1. Quick one: how many residues across region 32-46 are among the hydrophobic types (A, V, I, L, M, F, W, C) and either exposed (fewer than 10 other Cβ atoms within 10 Å of the Cβ) or more than 16 Å from E78 (Cα to Cα) (or both)?
2. I want to confirm something. Restricting to region 191-222 and keeping residues that are modelled with pLDDT of 95 or more and in a loop (DSSP other than H, G, I, E, B), which single residue is least open to solvent (accessible area, probe 1.4 Å)?
3. Mind checking which residues of region 11-37 are touching a Leu at 6+ places or on another chain (Cβ under 8 Å) and at pLDDT 90 or above?
4. Restricting attention to region 25-50, report how many residues are in contact with a Ser or Thr (Cβ under 6 Å, 6 or more places away or on another chain) and within 18 Å of L110 (Cβ to Cβ).
5. Counting residues that are of a type in the set (S, T, N, Q), which strands (runs of 3 or more DSSP E) fully inside region 56-155 reach at least 1?
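The values are calculated or read from the model by the stated rules, or taken from the named source; none is laboratory data. Quick caveat: nothing in here was measured; it's all calculated off a predicted structure. All Cβ positions, even for glycine, are placed from backbone atoms using ideal geometry, and neighbour counts span all protein chains on display. Surface areas here come from the heavy atoms of the whole protein model, side chains and all, with no ligands, DNA or RNA. Shrake-Rupley method; radii C 1.70, N 1.55, O 1.52, S 1.80 Å.
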Amino acid sequence: MTGTDEKIPAREMHKEPDRHICFLMEKESRTVYYVTTGKETISERKSLPVYHCDRTLPYPGGEIHIFFSTLPDGLEEEFKKKRKRKKREQQLLEAMERALELTDESVEILFSDNLCRIFNREQSVSDELYAAWLFQKLKGRTAPYFSLELPGEYGFLMREKVLFLLQPYLKRINRITFIKRRSVAEEAIIPGMGTGMVDELADYFYGEYGILSGQAEEPEAGSFYLKLSNDAQMLNFLDTTVKSGYNTKVD
């Protein structure tokens, strides 16, 4: 136990992408293998344990199962020695291979925010993890006003992401404010903030649900704030989950 976007053709707005109706079908099951750090003291000469989090993360239409491993804190100091870094990297690689053998499903591999910096790793968090975080935050509460912050750059897939995340809650939303922050350079070049995707989404929300939409550079006071480029917050959510639940050592 331990306590611890290839652009795609745009779909018609009155038709929801297939995955947006997944909650009407059989429940989807996804798996995440997450690597974080903690107080455990594990020699680089031993196998890095793989745990299964007994708590799943539900989202509309599915749930996420979590496997994880915990490297010891203080790796920055350890990695000043190339030999130690190489051993830790090999130890982690072997644990990842064992974790992937534990399931036949497609596994999403995620490192904690600090490990991404240490290993100079680039990664992106799945829409499903955002959906699980959103489901937890909105469970048992009303959120008639939404502030939705878009990333600085995005493509056609962002529209799918917005619909996937908001579809289960649209019947209880009255207003959506799209947040798009701009740099000083963008202010000098772009006179208006509107984009085709935002306008299409606004038309869809109003036509299908009567939801009013607006645009701003800051979240609306009193609104539920959803930032669509906040992978660090999603990783913190995942980290809290594995470190506060009952976990079973599986390898």
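1. First, the residues of region 32-46 that are among the hydrophobic types (A, V, I, L, M, F, W, C): 32, 35, 42.
Filter once more, keeping what is either exposed (fewer than 10 other Cβ atoms within 10 Å of the Cβ) or more than 16 Å from E78 (Cα to Cα) (or both): 32, 35.
Qualifying residue count for the region: 2.
2. So the residue we want is I211.
3. Within region 11-37, V32, Y33, Y34, V35, T36, T37 meet the criteria.
4. Result for region 25-50: 6.
5. On the way: elements: 57-59, 62-72, 107-111, 145-149.
Ranges flagged: 62-72, 145-149.
The rows are residues; the columns are (1) open to solvent by less than 50 Å² (accessible area, probe 1.4 Å); (2) in contact with a Cys (Cβ under 6 Å, 6 or more places away or on another chain); (3) closer than 22 Å to T241 by Cα.
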| position | (1), (2), (3) |
| --- | --- |
| E76 | no, no, no |
| F79 | yes, no, no |
| K86 | no, no, no |
| L92 | yes, no, yes |
| L100 | no, no, yes |
| T103 | yes, no, yes |
| I109 | yes, no, yes |
